[in-house]
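Notes follow the structure.
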Amino acid sequence: MEANARDRAQEVLETALAERGGPDPREPCRERLRELRELDRSAYDEALRHFGETLAPGIASGSLDPIDAWTDFARTLAERCAPGRTVAIDATGRATPWDPVAGRGSLVLHLPGAGGGRALLVSLPAEPSDAQRATFDWLVLGRQKLETAG
């Protein structure tokens, strides 16, 4: 991958984040890549190839929406780390199967299948609702007690 494509993709993402708000979608990818490097080196190498050959050039050229593309990459990495299913948690706390377009504004989690384990963060909404925060705290962080305002 050319360095200028990577740099351009970063600029496009930063512009999108400034316009739409929300957390940087690359952070869950970084976590999953660290895990994947330890779990399956060939899957890790494949993920890096996908980043260099598809993700960054697609974002840089404008053919991929930067936030949607990073969210899908995070979902793919989570699936490679722990096969399972990905869900979108709406503002009320209701979970539905993840859909790339309908999932915008949702808390997106990957739920490992057999063997369980904590949910893996795919994407946080710009402003999580109380229900989304509680779901994240419980399923991702493993907090058993609700935080109370006071």
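What is the spread of the Cα atoms of the range 23-144 along each of their three principal axes, largest first, in whole Å?
Extents along the principal axes: 39, 34, 21 Å.
Between the helical axis of 3-20 and the dominant principal axis of the chain, each derived from Cα atoms, what acute angle in degrees is found, rounded to the nearest 10?
Tilt of helix 3-20: around 40 degrees.
From the phi angles alone, apply the Karplus equation (6.51, -1.76, 1.60; θ = phi - 60°) to the range 125-140 and give each ³J(HN,Hα) in whole Hz, x where the residue is Gly or Pro.
x, 4, 10, x, 6, 4, 5, 5, 4, 5, 5, 4, 4, 6, 7, 8
Find the relative contact order for the chain and round it to a whole percent, using C-alpha pairs within less than 8 Å whose residues are 6+ positions apart.
Relative contact order, the chain: 22 percent.
Taking amide hydrogens as modeled 1.01 Å from N in the peptide plane, which residues meet the under 5 Å criterion relative to Leu64, leaving out close sequence neighbours?
Those qualifying (amide H under 5 Å, at least 5 residues apart or on another chain) are Ile59.
Please give the helix 41-50 orientation as an angle from the longest Cα principal axis of the chain, in degrees from 0 to 90, rounded to the nearest 10.
So the helix axis and the longest Cα principal axis differ by about 70 degrees.
First measure r as the distance between the Cβ atoms of Gln10 and Val101, then evaluate 1/(1 + (r/R0)^6) with R0 = 25 Å and state the FRET efficiency to the nearest 0.05.
0.55
Note down the nm distance, to one decimal, between modelled labels 7 Å out along Cα→Cβ at Arg49 and at Arg30.
In this crude spin-label approximation the distance works out to 2.6 nm.
What angle, in degrees between 0 and 90 and rounded to the nearest 10, separates the Cα long axis of helix 26-39 from the longest principal axis of the Cα atoms of the chain?
Roughly 90 degrees, rounded to the nearest 10.
Would you calculate the separation in nanometres between label points at Ala3 and Ala126, each defined as 7 Å from the Cα along the Cα-to-beta-carbon direction?
3.4 nm
Could you calculate the FRET efficiency of Ala18 with Asp40 from 1/(1 + (r/R0)^6), where r is the beta carbon distance between them and R0 is 35 Å, rounded to 0.05?
With a Förster radius of 35 Å, E is 0.50.
Given points 7 Å out from each Cα along the Cα-Cβ axis, report the Arg118 to Ala91 separation in nanometres with one decimal.
Reported label-point gap for Arg118 and Ala91 is 2.8 nm.
Starting at the first residue of the range 60-72, write each ³J(HN,Hα) from the Karplus equation 6.51 cos²θ - 1.76 cosθ + 1.60 with θ = phi - 60°, in whole Hz, x for Gly and Pro.
With the stated coefficients, the range 60-72 comes to 4, 7, x, 7, 10, 5, x, 6, 4, 5, 5, 5, 5 Hz.
Here, each number is a calculation from the coordinates, and none is a lab measurement. Keep in mind it's a predicted model, so treat the numbers as computed, not measured. Neighbour counts run over all protein chains shown; Cβ positions are idealised from the backbone, glycine included.
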